[in-house]
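Chemist: Handing you this structure, nothing more for now.
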Amino acid sequence: MAGCWNSVFVALLCVLSSALVSAQTPSAPDVCASKSNTSCEECLKNVTCLWCQANQRCVDYPVRTILPPHSLCPLAEARWGLCWVNFQALIITMSVIGGAIIISVFVCCFCCCKCEKIGNKKQDERVERQADPWKACREERKVEMRARHDEIRKKYGLSKENPYSRFENN
C-alpha cells in the first residue's frame, strides 16, 4: 500500500516539475507585447503570454513569481490559457479541488487503516476458533494428569486432608 502511494507521489512530482520547466522556457522577445491591443484569443495562442483584461495588454507571463503581481494585472482581470477563466477563479477552483483530493486521501488512508484493524480482528477470531479444540484437549490432559498424580499420591500415602498444608518428610 505504501509503495503505491510513493509511486503516485513521485509521478505527481514529475508532472509538476515538467510543467514548471515547460512554463519557464523563454519565448521570443516581445512576442507577447506585440499582441497587445488585439484580442485575448490572439494573445493566448502563445502559452507564455498573459492577457490583462483591464488594460487590454498582452504581457510575458511572470514565471518567477508564479502568480502575476497586482502591479502587472489584478488577479480578477488576468487571463492565462483560456480567455473565460480568470486567475482568481482558477486559484479558488484549484484550491477547492486540491483540498478535496487531500481530504479524500486522508479519508482513504483512515478507512484502509480501519479495514486492516477489522481484518486483524477477523483473523484473530479465526485463530481463536482454531485454537479452541486445542485448549479443550489441553484441559482434558490436565485433568487426566491431576487424576494420575492423585492416584500416585494415594498409592504412596501422600494424600492429605488439607491441600494447603506442607508435605512432611517422615
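All of the numbers you see were taken from the coordinates with simple rules; none came from a lab. Keep in mind that what you see is a predicted model, and the values were worked out from it rather than measured. Please note: Cβ atoms are built from the backbone with ideal geometry, for glycine as well, and neighbour counts cover all protein chains shown.
Chemist: What does the extension gain come out to for ASN55 and GLN123, with contour length at 0.36 nm per residue minus their alpha carbon separation?
Modeler: 17.6 nm
Chemist: Can I ask one more? Give me the distance in nm between label points sitting 7 Å out from Cα along the Cα-to-Cβ direction at CYS109 and GLU41, one decimal.
Modeler: Going by the 7 Å Cα→Cβ label model, 4.6 nm.
Chemist: Just subtract the alpha-carbon distance of ASP132 and ASP30 from 0.36 nm times their residue separation and send over the number in nm, one decimal.
Modeler: 28.4 nm
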